[in-house]
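Inspection log for the structure reproduced underneath, given as structure tokens.
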Amino acid sequence: PGPSAAPGPSAVPGSSAPGAHPATLDAREVSAWFGDHKVLDRVSLTMPARHVTALIGPSGCGKSTFLRILNRMHELVGSASLAGQVLLDGEDIYDRGRRITHARREIGMVFQKPNPFPAMSIYDNVLAGLKMNGVKATRDERDGLVEECLSKAGLWREVADRLRQPGGALSGGQQQRLCIARSLAVRPRVLLMDEPCSALDPTSTRRIEQTIGELSAEVTIVIVTHNMQQAARVSDQCAFFLAEQGTPGVIVEHGSTEAMFDHPQDPRTTDYVQGRF
Ligand code: ADP
Ligand code: MG
């Protein structure tokens with residue numbers, strides 16, 4: 001089975017609606033080390049297309065490391081070494097010959113702290129990823145893409161009349177939605193979100209949760225969250241990560257969100273989802 005399941009052309013930003021093309025992401029026996037320190041031990045998880053997967057678990061159990069491994073971002077942030085495979089619709093993103101930039105374009109990332117380019121205009125922020133990927137687009141295509149991505153991120157109505165203002169002038173919640181719009185502009189097939197609402201107020205959080213719900217039809221979403229209500233509200237399935245006393249992070253349990261919250265199999269999952277540690 002090849003990667004051919006995706007309908008429509010591969011990402012051509014600015015083209016007329018290419019249709020949804022979310023991909024399934026499959027982590028197989030992923031282990032990771034920082035030097036001698038093993039931080040993930042044979043983590044396997046399938047993150048299906050059109051699903052929202054929530055990664056939950058206490059601090060330090062390897063969720064962010066796992067997320068970065070899913071789009072080869074860990075290669076930027078230090079010397080993590082890695083075993084295992086990450087398959088995007090069946091194709092290993094770590095295969096020799098596959099470009100790192102390709103993985104990052106197909107698999108976008110949104111971080112805890114909103115990080116728009118503060119001095120750059122809202123308009124140019126949305127398009128920043130295109131430039132980095134060397135994509136050429138006409139003025140009309142760019143205008144269309146900016147409106148489309150800001151709309152999908154739930155920000156268009158608030159900023160339509162001030163697209164030339166700097167991204168840094170927006171509120172924190174708006175900046176985060178701008179970052180979502182920016183990540184959508186290259187038409188990723190998967191969007192990874194590392195605690196995207198932790199720095200935001202409840203109203204902004206709800207807006208982003210709503211956006212996640214709408215986006216899941218066209219991009220596979222994987223979200224790390226410490227907020228159990230949020231996991232319950234936005235996700236279809238959950239994976240509970242845990243690193244017990246000096247041991248590397250593992251997935252203790254995963255399953256449908258309903259099952260994880262209503263009938264967890266492992267007593268440690270019960271304790272965690274009920275807020276006992
Ligand atoms: P989480 O996101 O679940 O809080 P992390 O993935 O950030 O967990 O961290 C997992 C483990 O890896 C922790 O023990 C952390 O100290 C270690 N770690 C994370 N990033 C680095 C790094 N760049 N260098 C060395 N150790 C790291
Ligand atoms: Mg983290």
### Message
Is it the case, given these coordinates, that Val159 is more than 18 Å from Arg68 (Cα to Cα), assigned to a loop (DSSP other than H, G, I, E, B) and of a type in the set (Val, Ile, Thr)?
### Response
no
### Task
Output the number of the condition that Gln229 fails; it satisfies all remaining conditions of (1) touching a residue at least 12 places away in the same chain (Cβ under 8 Å); (2) under 28 Å from Ala153 (Cβ atoms); (3) of a type outside the set (Val, Ile, Thr).
(1)
### Query
For the stretch 237-252, does any single residue satisfy the condition of being closer than 18 Å to Gln210 by Cβ, away from ligand 2 (no atom under 16 Å from the Cβ) and either modelled with pLDDT of 95 or more or in contact with a Leu (Cβ under 9 Å, 6 or more places away or on another chain) (or both)?
no
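This table checks each residue for (1) in contact with a strand residue (DSSP E or B) (Cβ under 7 Å, 6 or more places away or on another chain); (2) under 19 Å from Val219 (Cβ atoms); (3) modelled with pLDDT of 95 or more.
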{"residue": "Arg105", "(1), (2), (3)": "no, yes, no"}
{"residue": "Val126", "(1), (2), (3)": "no, yes, yes"}
{"residue": "Gly129", "(1), (2), (3)": "no, yes, no"}
{"residue": "Lys136", "(1), (2), (3)": "no, no, no"}
{"residue": "Val146", "(1), (2), (3)": "no, yes, yes"}
#### Entry: From the options Ile208, Ile221, residue that is at pLDDT 95 or above, more than 20 Å from His74 (Cα to Cα) and more than 16 Å from ligand 2 (Cβ to nearest atom)
Ile208
### Query
Considering the stretch 252-272 alone, what residues qualify as being assigned to a loop (DSSP other than H, G, I, E, B) and loosely packed, with under 15 Cβ neighbours inside 10 Å?
His263, Gln265, Asp266
### Query
For the stretch 198-214, which residues satisfy the criterion of being assigned to a helix (DSSP H, G or I) and either under 28 Å from Lys136 (Cβ atoms) or touching a residue at least 12 places away in the same chain (Cβ under 8 Å) (or both)?
Thr203, Ser204, Thr205, Arg207, Ile208, Glu209, Gln210, Thr211, Ile212, Gly213, Glu214
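Okay, residues lined up against (1) more than 26 Å from Glu147 (Cα to Cα); (2) away from ligand 2 (no atom under 16 Å from the Cβ); (3) under 16 Å from the mean Cα position of the chain (by Cα):
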position	(1), (2), (3)
His51	no, yes, yes
Leu67	yes, no, yes
Met73	yes, no, yes
Asp95	yes, yes, no
Glu106	no, yes, yes
Lys131	no, yes, no
### Message
Would you confirm whether or not the stretch 193-204 contains a residue that is aliphatic (A, V, I, L, M) and within 16 Å of ligand 1 (Cβ to nearest atom)?
### Response
yes
### Summary
Being among the aromatic types (Phe, Trp, Tyr), crowded, with 17+ Cβ neighbours inside 10 Å and touching a residue at least 40 places away in the same chain (Cβ under 8 Å) narrows Phe66, Phe34 down to just Phe66
### Query
Can you tell which of Gly249, Gly275 is surrounded by fewer than 20 Cβ atoms within 10 Å (Cβ to Cβ) and of a type in the set (Gly, Ala, Ser)?
Gly275
### Task
Exactly one condition in (1) under 16 Å from Leu192 (Cβ atoms); (2) in a strand (DSSP E or B) is not met by Ala231; state its number.
(2)
### Query
Going through the stretch 179-197 one residue at a time, which ones are within 13 Å of ligand 2 (Cβ to nearest atom) and either in a helix (DSSP H, G or I) or surrounded by fewer than 24 Cβ atoms within 10 Å (Cβ to Cβ) (or both)?
Asp194, Glu195
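The values are calculated or read from the model by the stated rules, or taken from the named source; none is laboratory data. Source: prediction; values computed, not measured. In this analysis, Cβ positions are derived from the backbone assuming ideal geometry, glycine residues included, and neighbour counts consider all displayed protein chains.
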